[in-house]
Amino acid sequence: MPLRPGRCYRYFSGPPYTRLEYIHGAPYVQIPKFDMGATSAAARARFDTVVKLVAEELGQIRMNALESARQMAFKYLNKILGQENFYLRINVYPFHVLRENKMLAMAGADRLQEGMRLAFGSPVGRAVRVEKLGQVIMFVEVEERNVEHAKEALRRAKSKLSIPCRIVVEKKQNSNTG
């Protein structure tokens with residue numbers, strides 16, 4: 001079985017660490033946009049197909065991996081299709097704050113460290129928790145003729161994520177409720 005990237009923070013145990021009023025020094029979310037492309041409702045009305053990136057395993061995705069996946073998908077779609085011919089959305093948000101018990105790693109550090117005593121850790125990053133199989137991580141809405149380009153964009157984005165994902169193509173359901 002090939003090794004996947006992001007093995008250190010891929011799995012989780014215990015409840016998520018999300019209460020920001022108690023976490024001092026929690027890092028900010030460094031994903032600038034969650035909606036890209038043709039974001040207006042009028043422009044999105046002509047898209048008839050949804051291509052989804054769906055999680056196949058439970059796990060965590062670090063915020064920087066999600067941002068890297070977003071950039072890969074957006075750059076490919078913007079270059080090939082143009083800004084007004086797709087709608088890309090990241091469907092998850094990195095609520096969970098990751099902690100790490102930082103240890104000194106130099107000569108003579110054994111006299112300075114406390115080891116495992118009070119090893120709660122300090123905030124080092126954020127992550128998305130995928131807690132349901134089949135959870136949609138990101139999706140692209142396009143016209144049916146551009147489905148192959150959307151699949152290629154999500155395939156490139158999938159390579160940046162730490163958990164295995166699959167690409168699902170569905171016809172968009174027209175709802176008049178907004």
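Since every read-out is calculated from the coordinates, none of them should be taken as a lab result. This structure is a prediction, so every number in the text was calculated from the model and none was measured. No Cβ is skipped: glycine too gets one built from the backbone with ideal geometry, and neighbour counts run over all protein chains shown.
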For volume of the Cα convex hull per residue in Å³, several values are listed as (i) 165; (ii) 140; (iii) 151; flag the one computed from this structure. (i)
Would you mind computing, in nm to one decimal, how far apart the modelled labels at residue 56 and residue 144 are, each placed 7 Å from Cα along Cα→Cβ? 2.8
Positive end of the charge dipole of the range 1-89 (Lys, Arg +1 and Asp, Glu -1 on Cβ, about the Cα centre): tell me which of 73, 20, 40 has its Cα farthest that way. 73
Going by how many other Cβ atoms sit within 10 Å of their own, how do 68, 13, 122 line up, fewest first? 13, 122, 68
Once the Cβ-Cβ distance between residue 95 and residue 169 is put in as r, and R0 is 30 Å, what FRET efficiency do you end up with, to the nearest 0.05? 0.55
If one builds a Gaussian network model of the chain from Cα atoms under 10 Å apart, the most fluctuating residue listed among 119, 127, 73 is 119
Could you check the spin-label model distance between residue 8 and residue 43? Points 7 Å from the Cα along Cα→Cβ, value in nm. 3.8
For residue 158, counting only aspartates and glutamates whose alpha-carbon sits under 14 Å away and dropping same-chain residues fewer than eight positions off, the answer is 56, 57, 67
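How do 31, 163, 90, 23 rank when sorted from fewest to most other Cβ atoms within 10 Å of their own Cβ?
Sorted ascending by nearby Cβ count, the order is 23, 31, 163, 90.
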Going through 52/102; 102/151; 33/171; 79/160; 33/102 one by one, the pairs whose alpha carbons sit over 29 Å apart turn out to be 52/102; 102/151; 33/102
Using a ≥ b ≥ c from the Cα gyration tensor of the range 1-72 (square roots of the eigenvalues), is it rounded, prolate or oblate, where a/c under 1.5 gives rounded and otherwise the larger of a/b and b/c decides, a/b for prolate? oblate
Most fluctuating of 69, 105, 153 in the GNM of the chain (C-alpha, under 10 Å) is 105
Which value, in debye to the nearest 20, gives the size of the charge dipole of the chain about its Cα centre, when Lys and Arg are +1 and Asp and Glu are -1 at the Cβ? 260
The range 1-91, relative contact order in percent, only Cα pairs under 8 angstrom and at least six apart counted: 47
Listed residues 85, 101, 64; largest mean-square fluctuation, Gaussian network over the chain with Cα springs below 10 Å, found at 101
Fully extended, how many nm does the chain gain between residue 84 and residue 120 (0.36 nm per residue separation, minus their Cα-Cα distance)? 8.2 nm
Say a site is exposed when it is one of the chymotrypsin sites (Phe, Trp or Tyr not before Pro), sits in a DSSP loop, and has at most 13 other Cβ atoms within 10 Å; what is then the longest site-free stretch of the chain? 29-119
